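Presented below is the structure to which this report refers.
The values are calculated or read from the model by the stated rules, or taken from the named source; none is laboratory data. Fair warning: this is a prediction, and the values are worked out from it, not measured in the lab. Areas reflect the complete protein model, heavy atoms only, side chains present, ligands, DNA and RNA absent. Shrake-Rupley method; radii C 1.70, N 1.55, O 1.52, S 1.80 Å.
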Amino acid sequence: YKTGDSARYLPDGNIEFLGRMDNQVKIRGYRIELGEIESVLDQHPAIQSSVVAVREDAPGDKQLVGYVVPRTGGSFDVVEARKYLKEKLPEYMLPSAFVMLNELPLTPNGKIDRRALPAPDQNRAAWKDVYHPPRTPIEETLAGIWAELLKLDKVGIHDNFFDLGGHSLLRSEEHTSE
């Protein structure tokens, strides 16, 4: 049966896995069709076009990133887009970051140039939700741990660990070499 995987035989008889023939990816045990997420994003009234990609900026930490081009004269609100997606997709299919672009990068033959997609800005200023700073020493400690773990400049008391890109397999840098 056809698996969607691409492979080839090596001269020594072993099989070398070359990748997927479609846009299906596997993140934290879930098989995800990137086109399904893009289709839902493209239905959003403020979005002209979108691309979803998997980034692995830190080894072993794959994350979904949504790249969106807003409609002319429209504005894109990350919090509102996340709510929209939550109504239509399971939690594991939600991008952990969004990047707003003026246009999607294209190859000379007109296809999307996925290699030219920029890394997401983890600076909180790019988000439109309101930041509420920690009020107690315990909140400061927890916010500091989350900020370090998620590689963010700051984390507020009303922020959701998972909405910020966190997941159960995420580990801090000091514990990755064990």
**Phi-based couplings in Hz for segment 101-109 (Karplus 6.51, -1.76, 1.60; Gly and Pro marked x)** = 10, 6, 7, 7, x, 10, 7, x, 8
**Asked** Roughly speaking, to the nearest percent, how much of segment 42-107's 1.4 Å accessible area is carbon and sulfur?
**Response** 47 percent
**Message:** How compact is segment 55-124 by the rule of thumb for globular proteins, expressed as Cα Rg over 2.2 N^0.38 Å?
**Reply:** 1.21
